[in-house]
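The values are calculated or read from the model by the stated rules, or taken from the named source; none is laboratory data. Please read all numbers here as calculations on a predicted model, not as lab measurements. Please note: Cβ atoms are built from the backbone with ideal geometry, for glycine as well, and neighbour counts cover all protein chains shown. The protein model used for the area step is the full one, side chains on, heavy atoms only, and it has no ligands, DNA or RNA in it. Shrake-Rupley method; radii C 1.70, N 1.55, O 1.52, S 1.80 Å.
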Amino acid sequence: MLSLDDLLAPITPEVFHADYDDRKPLHIPAAPGAAKQTLLDWDRFNALLDQTSIWSSQSLKVLYNGQRVPPPRYCHDAATGSGTANRPSPAKVKVLLGQGASLVLDEVQDLVPSIRALTPALGRAFAGQVSANLYCSFGGVKAFGTHFDLHHVFAVQCEGEKVWTLYSNRADAPTTFPIDNEETRAWLAAQRGPVMTQVHMRPGDVLYLPRGWYHDALATDGASLHVTYSITPADGRTVFDILKRLTQDEATFRHFLRPAGSEILKAQLADLGRRLSALAVSDVFADEIAMAQERLIPREPGYALPHRPTLTLYGRGQGPAPAVAGPAAGALDWALSQPRLALEDMIAQFDFVPEADLRAMIDAAVRTGALVRL
């Protein structure tokens, strides 16, 4: 299974974060025999497509010359054991492929083990949500026109070759796409700036693009298959949701605002600002940010049937509670309120706290006698 080190090799994660992360693009050519070349092949891609019951018009998209093909042109009503479902028709899709259309398979990170193996490492490296899409295209036909993305992009070329054109300009921290129409496409072409470079991607090559970087891509002769990992961290707007939650029980923030233009209102707003400033640099706020980021990071499902997990049981002891800092402190309060608990249940309930921190907290509680192993 690929690791983050494998994905970036020969660049180290330390060099990547220091020189490229959210700064500038990076092309990493594959070394001979690199593990990245085994991420996906045509046989596994076809087998994935053949699982027709898992696809919908939202998860399987068909594009032609930079525009999406309307779902009615490639979907049909399929009879299923639970009724009729509107799904992509393999026969219709193949006709469009014969005309040079491209396929996009969304959210495949949980469908392909080799692709899924990277998602926790990427999520933790960027403290963000990770998804993976597959792109199948053919020489000379462009799936997407010039555009930018709202997230970090790691594109890994799996089969065939593709030329990416990177432009000099970058959108400033975009959070939404403009509506896709002819006017928008012309605007994007005007905003992208001159060509910065062209990157020729071959199997096993990796291309990193920061959010907002203008680009487009075109397969060379033959067919191309690549996977794109999209990583979306929390942004600064997250603080507003957290501040609202943390201030809802403080009476000062529930008081009515005084009339505009009054000196009383100015003083009231100044007081609120001071309180918000103090809260934003507090340990409580830092813990809330950490938990918000942890919620975004995917965890390995880890099923191992027919083996069933053995639950690790604890009961309340007579000793004092250990000193625990950070998000795990809330889990400790919960644990000590239970007459009996399973470590695995706590890890499931508090999936917004790193598992290693929860295990360390339980170990500390056992050492002080606050919990005893049953």
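Each Lys and Arg adds +1 at its Cβ and each Asp and Glu adds -1 at its Cβ; summed about the Cα centre, the chain shows a dipole of about 500 debye. Per residue, the stretch 139-260 exposes 51 Å² of accessible surface when a 1.4 Å probe is rolled over the protein heavy atoms with every protein chain present.
The alpha-carbon of Lys61 sits under 21 angstrom from the alpha-carbons of these lysines, leaving out residues fewer than 8 places away in its chain: Lys92, Lys94, Lys142, Lys162.
Counting only protein heavy atoms, what percent of the accessible surface of the stretch 1-51 is carbon or sulfur at a 1.4 Å probe? Here carbon and sulfur together make up 53 percent of the probe-accessible area.
Heavy atoms of the protein chains alone define the surface here; on that basis the stretch 1-58 has 57 Å² accessible area per residue at 1.4 Å probe size.
A simple count of charges around Thr238, restricted to other residues whose Cβ falls under 13 Å of its Cβ and scoring Lys, Arg +1 and Asp, Glu -1, yields 0. Working note: 222 nm ellipticity from helices only, DSSP H runs with n ≥ 4, each -39,500 (n - 2.57), summed and divided by the residues of the chain, gives -9500 deg cm²/dmol to the nearest 500.
Computed over protein heavy atoms with a 1.4 Å probe, the carbon and sulfur contribution to the accessible area of the stretch 75-148 reaches 52%. Most tightly packed first, judged by the mean number of other beta-carbon atoms within 10 Å of their residues, the peptides 67-75, 243-251, 167-175, 99-107 read 99-107, 67-75, 167-175, 243-251. Using a 1.4 Å probe on the protein heavy atoms, what percent of the accessible area of the stretch 224-374 belongs to carbon and sulfur? Carbon and sulfur together cover 57 percent of it.
Whenever you get a sec, line up Val141, Val366 from highest to lowest accessible area (probe 1.4 Å, protein heavy atoms). Walk me through the intermediate numbers first.
Values: Val141 25, Val366 60 Å².
Largest accessible area first, the residues go Val366, Val141.
By average Cβ neighbour count within 10 Å, what is the ranking of 206-213, 287-294 from highest down?
On the way: 206-213: 21.2, 287-294: 18.1.
Result, highest mean first: 206-213, 287-294.
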